[in-house]
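Worksheet for the structure shown next.
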Amino acid sequence: MARGSGVTGLAADVAEGVLRSAETLGGVVASPFSEPTLRLGVTGLARAGKTVFITSLVANLMQRGRMTQLSAAREGRIEAAYLQPQPDDTVPRFEFENHLGALTGPAPHWPDSTRAVSELRLSLRIRPAGMFGGLTGPRILHLDIIDYPGEWLLDLALLDKDYADWSADVLRRIKSRSAAAGFLAALDEADPDAPHAEPVAQALAKAFAAYLQAARAEGYSDCTPGRFLLPGDLAGSPVLTFAPLPESAAPRGSMAREMARRFEAYKAQVVRPFFRDHFARIDRQVVLVDALGALHSGPPAMEDLRRAMGDILAAFRPGTNGFLNRLLRGKRVEKILFAATKADHLHHQQHPQMTAIIEALTQDARDRARFAGAQTAALSLASLRATTEEMRTHNGEDLPCVRGLLADTQRPAALYPGRLPEDPSQLLTPARQGAERWLDGSYAAMRFAPQPLTLRPGEGPPHIRLDRAAEFLFGDRL
Ligand SMILES: Nc1nc2c(ncn2[C@@H]2O[C@H](COP(=O)(O)OP(=O)(O)OP(=O)(O)O)[C@@H](O)[C@H]2O)c(=O)[nH]1
Ligand SMILES: [Mg+2]
């Protein structure tokens, strides 16, 4: 269609754009119209393995020698993968080069903890599959990867509450927790109806944040508002300077009135924008889970993890939340992958049991997501394999072990974490029933350092099933 045919203005430009892109399809650059993007969300609770996952995934998409389970890579259809400026100018860029340098440099170490949302665009040039693949020429897919803390998803529940409800709720739940003793003592001293004084508000908010940190360390998951744990650049701002207060008349100018206002500001200026600007735009999602860590910590941590997963995943069934419903207007995350990370702490013989645990942990949530139209899957992976496998004999029994360098001392060590049951309910049921420790002893843990690598040309860092994760998450778009 040409301009002469009577089409004018924008429509003509669009038509011409399509025409031009059709003409240049054989070349390298195509117009924006033919360059679809896919937004991949990567989340999980603190230390679940998000940063290592993204770093290794991107490195392995750039050097695809270890990505044989990603069909487009196996078939040689990914012609190139390269980083490009991301579309969102105000979101911090995921520090890929620094993290990769930490993991694969001469003295390999794990990357630092990251506290906020970040983004990275990886562009893939792909030769289409099928008979006509050779005729149409390559196309581009922009993979926009968004790293965000799972804790932020827990804040969704706050949107349905006002300050008085929220306060009553929190105070009821924490009154018997030892971690809350300091905050509750500070609260006793305070008068909610007294005129607002910033130092008092700050002291209370600080005590409340300290309670949340302590509760978190003790394994509680209901630690919202999420930004109190990971304040990032909001640290010290009024929007994070509030705490729950006992019911009061909250007269004009009082502390209670001001805190109620700040609670609303937190919802409007922190929670809603996150869901609007990041969450609502995600097409595919991976939720990373350190199930082995919870197993090691014992049944209360396991039960807590199960509950936290349920709360996190509530965000993926928007039917339950009016705000999210309006925001998404029927748009859904199309695929959700639940991945147990750090599987290199286990010999591969035990990976099926690990996967069964993650399946059981996320069962409710997966059933609901499926109902809402999202495709789900679960697997165990290691983003960066830090161990090798070995069989050891102990008291005449063969123990499937892994061996690596200890992160703290750099000394070699072998680990047998314990035998995971075939049936995950042997773990989850006692955890649900409030058991304090596992019936069959305990599960060992060690922190291994990344191994020094000598990569052959075309090979990314060693991993376990990262390629399968990629195939599930976006293989259909390549
Ligand atoms: N052995 C092994 N350890 C891993 C792997 N991935 C992560 N880890 C360990 O888990 C820790 C946390 O990994 P990160 O990727 O930083 O986790 P995160 O979710 O980004 O953590 P925050 O940024 O603090 O929320 C690392 O420091 C490693 O000790 C893996 O594939 N193998
Ligand atoms: Mg991180």
Report task. Express in whole angstrom the spacing between the alpha-carbon centres of the stretch 413-457 and the stretch 176-252. Result -> 35 Å
Query - Cα-centred dipole magnitude for the stretch 154-268, charges only on beta-carbon of K, R (+1) and D, E (-1), debye, nearest 20 - result: 160 debye
Report summary line: The base-10 log of I(q)/I(0) that the Debye equation returns for the stretch 115-244 at q = 0.11, 0.13, 0.22 Å⁻¹, one scatterer per C-alpha, is -0.52, -0.63, -1.39
Report summary line: quick shape note, the stretch 46-149: Cα extents on principal axes in Å, largest first -> 46, 32, 22
Requested in this report: Only loop residues by DSSP count here, and only those with at most 14 other Cβ atoms within 10 Å; note down the GluC sites (Glu not before Pro) in the stretch 42-137 that meet that.
Outcome: Glu75
Query raised in the report: Convex hull over the Cα atoms of the stretch 377-478, averaged projected area in nm²?
Result: 10.1 nm²
Report summary line: Length gained if Leu184 through Arg307 is fully extended, taking 0.36 nm per residue and subtracting the Cα-Cα distance, is 41.8 nm
Query raised in the report: Normalised by the number of residues in the stretch 345-435, what is the relative contact order in percent for Cα pairs under 8 Å and 6+ residues apart?
Result: 32 percent
Query raised in the report: So what is the orientation-averaged projected area of the chain, using the convex hull of its C-alpha atoms, in nm²?
Result: 28.2 nm²
Requested in this report: Mind listing the long-range amide H neighbours of Gly41? Cut-off is under 5 Å, sequence gap 5 or more, other chains count too, H placed in the peptide plane at 1.01 Å from N.
Outcome: Ile146, Asp283, Arg284, Gln285, Val286
Report summary line: Scoring the stretch 154-268 by relative contact order with C-alpha pairs under 8 Å, at least six apart, yields a percentage of 39 percent
Query raised in the report: Which value, in debye to the nearest 20, describes the size of the charge dipole of the stretch 339-422 about its Cα centre when Lys and Arg Cβ atoms bear +1, Asp and Glu Cβ atoms bear -1, and nothing else is charged?
Result: 220 debye
Query raised in the report: the stretch 232-315: which trypsin sites (Lys or Arg not before Pro) are DSSP loop and have at most 11 other beta-carbon atoms within 10 angstrom?
Result: Arg252
**Report entry** For the chain, with +1 on Lys and Arg beta carbons and -1 on Asp and Glu, the positive-most of Leu171, Val402, Leu57 along the dipole
**Finding:** Leu57
Query raised in the report: Once the other residues with Cβ under 15 Å from the Cβ of Glu119 are scored (Lys, Arg +1; Asp, Glu -1), what is the net sum?
Result: -1
**Report entry** the stretch 92-107-the stretch 284-333 distance, computed between alpha-carbon centres (Å)
**Finding:** 28 Å
Requested in this report: Please go through the stretch 364-442 and write out the trypsin sites (Lys or Arg not before Pro) that DSSP classes as loop and that have at most 12 other C-beta atoms within 10 Å.
Outcome: Arg437
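Laboratory data are not the source of any read-out in this text; all were calculated from the coordinates shown. Bear in mind the structure is a predicted one, so any value in this text is a computation, not a measurement. Cβ: placed from backbone, ideal geometry, glycine included. Neighbour counts: every protein chain shown.
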